[in-house]
Amino acid sequence: MGFSATVGGTRHVFADLRQLLACATPFRSGDALAGVAAASAAQRVAAQRALADLPLRHFLDEAVVPYEADEVTRLILDSHDAAAFAPVAHLTVGGFRDWLLAEADAPALAALAPGLTPEMVAALSKICRLQDLVAIAAKCRVTTRFRNTLGLPGTLSIRLQPNDPVDDPKGIAAQVLDGLLLGAGDAVIGVNPATDNVDNLCRVLGLLDAVRDRYAIPTQTCVLAHVTTTLLAMQRGAPVDLVFQSIGGTQAVNDSFGVSLSLLAEAHAAALSLKRGTLGDNCMYFETGQGSALSADAHHGVDQQTLECRAYAVARRFRPLLVNSVVGFIGPEYLFDGKQITRAGLEDHMCGKLLGLPMGVDVCYTNHAEADQDDMDALLTLLGVAGVTYVMGVPGADDTMLAYQSTSFHDGLYVRAALGKKPAPEFAVWLHRMGLGDRTPDLLPPAMATAGLL
Amino acid sequence: MSAPTLWRDLRRFTAARVALGRVGNGLPTAAHLDFQEAHAQARDAVWSKLDVPALQAALGAQVVASAAPDRRGYLLRPDLGRRLAEGTVLAPRPGCFAIVVADGLCATGVQAQAPALVAALSAGLQAAGWDVAPPVIATQARVAIGDAIGQALGAAMVAVLIGERPGLSALDSMGIYLTHAPRPGRTDAERNCISNIRPGGLSVAEATAKLLWLVAAARSLGATGVALKDEQPVVPLLEVERPFENAADPPVFSEVSQPDGR
């Protein structure tokens, strides 16, 4: 079935939902690369008008990636909760936007989440300005627990990201201490390994767990290895708090990552069986990012933002503690500049939150993108206002292993102070006990100076 | 080294930007401008070019170009960087080991390190009985151009040495991607990666040893990628107070993909 709208006396026709969504998407380089972007500004707004008039129910009848060919589509449609969907079942996409801005509140949105599909929230985002993306996300409440409580109102958490180019334990430990001194680490202390060797994985897991245990830090640790490597580490008895995996929005992109829903389910079950969480059992950590499916030639002609939302359907199946879009990491061929990165970060955050995820954003850019620190400050501040669950903390914003710029520990302090946000409550108590509540001492706290880690 | 007692002592243990100080919640002026300077240099490095004649003289290689028309086209169209320019001809050499030296997202590190690595790698491969094809230099190239080159040569395996995206602290990093039975359409999950080869990162000798190990393992397995696990033991770097020591099963490995010119 086709769709159409008339703009400036010209009738624009869209062959199917896939094309309608792609043409309605605010411009970004990845959709141009895929050849699915609107050909003109007029065609784009025509698609937005047609999309606004589309009933939300339609998304249950037309899949953008064929049901038979894709396990992510099957997951989305087979797990749809019709009862949860009922309160908005009569609305169009445009009516949904109006309802969200005018009437929706946190309890209603929490109840609604299982009734929304990724494609519905993707469609919504395409007719939202930045302020809508912020305002709607700010209404959502998603709370998760492992050794602390993330996502409470008035909190903003930080993933401490102490990456080292060769996984040198001293280099990692020094960065962990630096982050703790600057109030970071309540979301997770999480290392991207330079190599995914299981021996190495176990060694870094042991180091992080030793630091956490020694200082009795109410947080969780993670080494962001491939899920198959983490499974092996768990078999060897390594201290795995969270299982990490990069995921995408189609079966084919997940194939390219070497994962499937069944493999993720196996890893989830293994992590649950360890029972290492003290306050809750959210034990998965996922990363996503617009453009990954196109990068793997696994996009099925669907625009990158819609596919990103489909990755969130994979994530929510496993009740994760943390999900973040690594929004500016992928490069200028997908998100060209600060403007595109900013919009994508706010889209990803709102869409993830509406689908019920504890959504963080890696506010970041690479050196081949047209972006700089000013762009990051703007996006970080907007995300703080939008109620982002967590952002990254990297020493001086410079990740020396992954060779990109993310937010710094200082940035975390800035955004918390500017917006009156606090760390996760259990972590805030710990910071206070360590004398790190609101200042960083020149002298290391005695416990840290004598820990034998350095 | 003595145990750290001051915040600034942390700097002894890492090249990361730790112990920068704190003014309110912000960076002290000098640290802020240090960052701006590093970013400016990295931006310029993205636009650096391979000195092809010099590299060709060092490697005895033939030179090919990708289908990308220029640097901007390369940045915006990775698909063109994965394909060979129209009309490229490579003499078939069935069953060989192919080595590709590619500029990727920054030419500096490849320019400096590829000659030594290619020499060590070729010697090691020949000692292991491989027929090593003369290296191929590829410009405006992404990792997957190795698939096209490998297929044209009929190579059994291809190693692509490629410039990694410049970071603020590393403008000179090279990565290596190993692909068994290369042909267009291979996914990243079918490759093994060694990254951060640079002064201060992984040395050329360490990278060569690791690559030779992976090549041997890939040959006996008949595959690269997530199916190939690195069973090389890791040398202990630090005794923590509670070291992890439940190593019952054989260690296993899978390399992650690193940011680079894919």
Search region A:255-271 for residues being within 19 Å of the chain's Cα centre (by Cα) and hydrophobic (A, V, I, L, M, F, W, C), and hand back the single one that is modelled with the lowest pLDDT.
-> A:PHE257
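What residue, among those in region A:132-151 that are in a helix (DSSP H, G or I) and hydrophobic (A, V, I, L, M, F, W, C), is surrounded by the most Cβ atoms within 10 Å (Cβ to Cβ)? Steps first, please.
Start the filter on region A:132-151 by keeping residues that are in a helix (DSSP H, G or I), which leaves A:132-138.
From what is left, the residues that are hydrophobic (A, V, I, L, M, F, W, C) are A:133-138.
On the way: A:LEU133: 24, A:VAL134: 20, A:ALA135: 16, A:ILE136: 23, A:ALA137: 27, A:ALA138: 16.
My answer is A:ALA137.
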Could you tell me which numbered condition B:ALA40 fails, if it satisfies all but one of (1) at the interface with chain A (Cβ under 7 Å from one of its Cβ atoms); (2) under 30 Å from the mean Cα position of the chain (by Cα)?
-> (1)
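Does region B:51-104 hold any residues that are of a type in the set (Phe, Trp, Tyr) and either closer than 25 Å to B:ALA127 by Cβ or not in a helix (DSSP H, G or I) (or both), and which are they? Give the steps one after another, and end with the answer.
Initially, region B:51-104 is screened for residues of a type in the set (Phe, Trp, Tyr), giving B:74, B:97.
Across region B:51-104, the qualifying residue is only B:PHE97.
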Within region B:110-135, the residues that are closer than 19 Å to B:GLU164 by Cβ and not in a helix (DSSP H, G or I) are B:PRO135
Would you please name the residue that is farthest from the other protein chains (Cβ to nearest Cβ), looking only at residues in region A:429-444 that are touching a residue at least 24 places away in the same chain (Cβ under 8 Å) and over 16 Å from B:ARG22 (Cα atoms)?
-> A:VAL429
Out of A:LYS353, A:LYS339, report the one residue that is crowded, with 24+ Cβ neighbours inside 10 Å and basic (Lys, Arg).
-> A:LYS353
Counting only residues in region B:188-209 that are in a loop (DSSP other than H, G, I, E, B) and more than 16 Å from B:GLY124 (Cβ to Cβ), the one farthest from the other protein chains (Cβ to nearest Cβ) is identified as B:PRO199
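Go through B:ALA45, B:ALA54, B:ALA61, B:ALA30 for me and flag whichever is surrounded by fewer than 16 Cβ atoms within 10 Å (Cβ to Cβ) and either within 30 Å of the chain's Cα centre (by Cα) or within 9 Å of another protein chain (Cβ to nearest Cβ) (or both).
Details: B:ALA45 fails: surrounded by fewer than 16 Cβ atoms within 10 Å (Cβ to Cβ); B:ALA61 fails: surrounded by fewer than 16 Cβ atoms within 10 Å (Cβ to Cβ); B:ALA30 fails: either within 30 Å of the chain's Cα centre (by Cα) or within 9 Å of another protein chain (Cβ to nearest Cβ) (or both).
When all the criteria are applied, what remains is B:ALA54.
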Across (1) surrounded by fewer than 16 Cβ atoms within 10 Å (Cβ to Cβ); (2) within 13 Å of A:GLY352 (Cα to Cα), A:ARG129 clears everything bar (2)
Exactly one condition in (1) over 21 Å from A:LEU346 (Cβ atoms); (2) more than 14 Å from chain B (Cβ to nearest Cβ); (3) crowded, with 19+ Cβ neighbours inside 10 Å; (4) of a type outside the set (A, V, I, L, M) is not met by A:LYS275; state its number.
-> (3)
Spot the failing condition for A:THR288; the list is (1) within 12 Å of chain B (Cβ to nearest Cβ); (2) touching a Ser or Thr at 6+ places or on another chain (Cβ under 6 Å); (3) not acidic (Asp, Glu), and only one is missed.
-> (1)
How many residues does region A:127-152 hold that are touching a residue at least 40 places away in the same chain (Cβ under 8 Å) and under 21 Å from A:TYR285 (Cα atoms)?
-> 13
So which of A:GLY154, A:GLY94 ends up being surrounded by 17 or more Cβ atoms within 10 Å (Cβ to Cβ) and at pLDDT 95 or above?
-> A:GLY94
Hey, could you check region A:377-391 for residues that are surrounded by 24 or more Cβ atoms within 10 Å (Cβ to Cβ) and touching a Gly at 6+ places or on another chain (Cβ under 8 Å) and say which is farthest from the other protein chains (Cβ to nearest Cβ)?
-> A:THR389
Restricting region B:156-187 to residues that are small (Gly, Ala, Ser) and more than 12 Å from the chain's Cα centre (by Cα), the one nearest to the other protein chains (Cβ to nearest Cβ) turns out to be B:GLY167
Sole residue being more than 12 Å from every other protein chain (Cβ to nearest Cβ), buried (at least 21 other Cβ atoms within 10 Å of the Cβ) and among the charged types (D, E, K, R), chosen from A:ASP186, A:ASP178, A:ASP196 = A:ASP186
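The values are calculated or read from the model by the stated rules, or taken from the named source; none is laboratory data. Treat the numbers as computed from the prediction; the structure is a model and nothing was measured. Neighbour counts run over all protein chains shown; Cβ positions are idealised from the backbone, glycine included.
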